[in-house]
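Colleague: Structure provided below as structure tokens; questions to follow.
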2 protein chains.
Amino acid sequence: MAKTILVETSARHIHVSQEHLEILFGKGYELTKKKDLSQPGQYACAERIDVVGPKKTLPGVSILGPVRPSTQVELSLTDARSIGVAAPIRESGDIAGSGACKLVGPCGEVEISEGVIAAKRHIHMTPEDAEVFGVSDKEIVKVKVDGLRPLIFDDVVVRVSPKFGLAMHIDTDEANAAFGLKNGEIVK
Amino acid sequence: MAKTILVETSARHIHVSQEHLEILFGKGYELTKKKDLSQPGQYACAERIDVVGPKKTLPGVSILGPVRPSTQVELSLTDARSIGVAAPIRESGDIAGSGACKLVGPCGEVEISEGVIAAKRHIHMTPEDAEVFGVSDKEIVKVKVDGLRPLIFDDVVVRVSPKFGLAMHIDTDEANAAFGLKNGEIVK
């Protein structure tokens, strides 16, 4: 039997820079860890902020820690359309020229001119996992997922690093398109 | 080259019974045609009503005409979850035991105990189309769609009738999972 990969659905979330965190929550503020995530060192935080677009606000969006060099808002395309923001499909960190929005926290607000993306679907894996699956960093693979509406994602990027844990990440639109999916299998 | 099929995204919409239409809009009310749809005899109406769930309201949802024997609300799973309604994935017309909601129009409101579904993805085609594609009514096929996030839908039901026009229908979650798709191709 083919080895399967845990598929995790990323709900809308935000990575913040320390500078923006302090504007939103106050001078010297530090994130409060609530729950560890599948990727080592990454965690969900207790803090939530509002994401404001020209058409609507998404209230109480989770922040994921730790802080990063740049603020990045990851939305589904359904979310992005609903608030009136054009979010390109990008890999995490590739935010040049991406969507703009306003972030509102309890102590202040920040207008970001870029940083709103729909995360490109991807698989995190270690070099050891990559050997098992016979794939390499940046390779594009097809992944078959089961669910009430099974489908095959035709362009999933593999990202290999010793810092990663094995997991495939998709957004809520992609999860709902399959619905009920738990595991995926790389098909060639 | 393989023959392609136009893929249409069904936004959330409602089919109403004459009885419910008259409660919502007044005695003897008739639907106002706004735009013909790809399926012969089907049309978008000027009338809009609110779909109310336990958690939230979807305001101003389009009605599609003509009236049908039973009222049916077709939502994406993102929509259904947002308003707190459990919508099963069903073919149109198969509403026994499906989701409940309240519908609110300018003249009244209706509580429906069933009728809220997420439409199972499907292809409408004529018997002549079915011959060209080598498929038959109720057959389940895989459909490959191009988009910014290409994918293969693994369980698309074919529906054949001389009354149909050739088109594949998916919901907004499925459309956003592919994003930018226009055409599909049946793959075996």
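Colleague: All but one of (1) within 30 Å of B:Arg12 (Cβ to Cβ); (2) more than 16 Å from the chain's Cα centre (by Cα); (3) away from chain B (no Cβ under 14 Å); (4) crowded, with 18+ Cβ neighbours inside 10 Å hold for A:Ile83, so report the exception by its number.
Modeller: Every listed condition holds for A:Ile83 apart from (3).
Colleague: Find the residue count for region B:168-180, including only residues that are surrounded by 22 or more Cβ atoms within 10 Å (Cβ to Cβ), in contact (Cβ under 8 Å) with a residue 24 or more places away in the chain and more than 15 Å from B:Met125 (Cα to Cα).
Modeller: Going through region B:168-180 one residue at a time, the tally reaches 7.
Colleague: Could I ask something else about it? Across region B:2-35, what is the total count of residues that are under 21 Å from B:Leu75 (Cα atoms), open to solvent by less than 50 Å² (accessible area, probe 1.4 Å), of a type in the set (Gly, Ala, Ser) and touching a residue at least 60 places away in the same chain (Cβ under 8 Å)?
Modeller: Residues in region B:2-35 being under 21 Å from B:Leu75 (Cα atoms), open to solvent by less than 50 Å² (accessible area, probe 1.4 Å), of a type in the set (Gly, Ala, Ser) and touching a residue at least 60 places away in the same chain (Cβ under 8 Å): 1 in total.
Colleague: Is there a residue in region B:157-166 that is in contact with a strand residue (DSSP E or B) (Cβ under 6 Å, 6 or more places away or on another chain), at pLDDT 95 or above and within 14 Å of another protein chain (Cβ to nearest Cβ)?
Modeller: yes
Colleague: For region A:167-183, how many residues are outside any strand (DSSP E or B) and more than 13 Å from every other protein chain (Cβ to nearest Cβ)?
Modeller: Total meeting the criteria: 1.
Colleague: Identify, from the list A:Ile152, A:Ile186, the residue that is outside any helix (DSSP H, G or I), away from every other protein chain (no Cβ under 13 Å) and either open to solvent by 10 Å² or more (accessible area, probe 1.4 Å) or not charged (D, E, K, R) (or both).
Modeller: That would be A:Ile186, the only listed residue that is outside any helix (DSSP H, G or I), away from every other protein chain (no Cβ under 13 Å) and either open to solvent by 10 Å² or more (accessible area, probe 1.4 Å) or not charged (D, E, K, R) (or both).
Colleague: If you go through region A:93-109 one residue at a time, do you hit one that is crowded, with 19+ Cβ neighbours inside 10 Å, modelled with pLDDT of 95 or more, among the aliphatic types (A, V, I, L, M) and not in a loop (DSSP other than H, G, I, E, B)?
Modeller: The answer is yes, given that some residue of region A:93-109 is crowded, with 19+ Cβ neighbours inside 10 Å, modelled with pLDDT of 95 or more, among the aliphatic types (A, V, I, L, M) and not in a loop (DSSP other than H, G, I, E, B).
One line per residue, one yes/no per condition, for (1) over 19 Å from the mean Cα position of the chain (by Cα); (2) closer than 15 Å to A:Glu185 by Cβ; (3) β-branched (Val, Ile, Thr):
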| position | (1), (2), (3) |
| --- | --- |
| A:Ala118 | no, no, no |
| A:Ile123 | no, yes, yes |
| A:Thr126 | no, no, yes |
| A:Ala130 | yes, no, no |
| A:Val135 | yes, yes, yes |
| A:Lys138 | no, no, no |
| A:Val143 | no, yes, yes |
| A:Gly147 | yes, yes, no |
| A:Val156 | no, yes, yes |
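Colleague: Answer yes or no: is there a residue in region A:92-109 that is facing chain B (nearest Cβ under 10 Å) and within 19 Å of the chain's Cα centre (by Cα).
Modeller: no
Colleague: Of the residues B:Gly60, B:Gly53, which single one is open to solvent by less than 20 Å² (accessible area, probe 1.4 Å) and more than 30 Å from A:Phe153 (Cα to Cα)?
Modeller: When all the criteria are applied, what remains is B:Gly53.
Colleague: Restrict the check to region B:111-118 and report whether at least one residue is closer than 20 Å to B:Pro40 by Cα, away from chain A (no Cβ under 14 Å) and at pLDDT 95 or above.
Modeller: no
Colleague: To continue, here is another question. Being of a type outside the set (S, T, N, Q), on the phi > 0 side of the Ramachandran plot and open to solvent by less than 50 Å² (accessible area, probe 1.4 Å) narrows it down to one residue among B:Gly115, B:Gly165; which is it?
Modeller: Checking each option against the conditions leaves just B:Gly115.
The values are calculated or read from the model by the stated rules, or taken from the named source; none is laboratory data. Everything quoted here is computed from the prediction, not taken from an experiment. Positions of Cβ are generated from backbone atoms using ideal geometry, with glycine treated the same way; all protein chains shown enter the neighbour counts. Note: areas computed on protein heavy atoms with side chains; ligands, DNA, RNA excluded. Shrake-Rupley method; radii C 1.70, N 1.55, O 1.52, S 1.80 Å.
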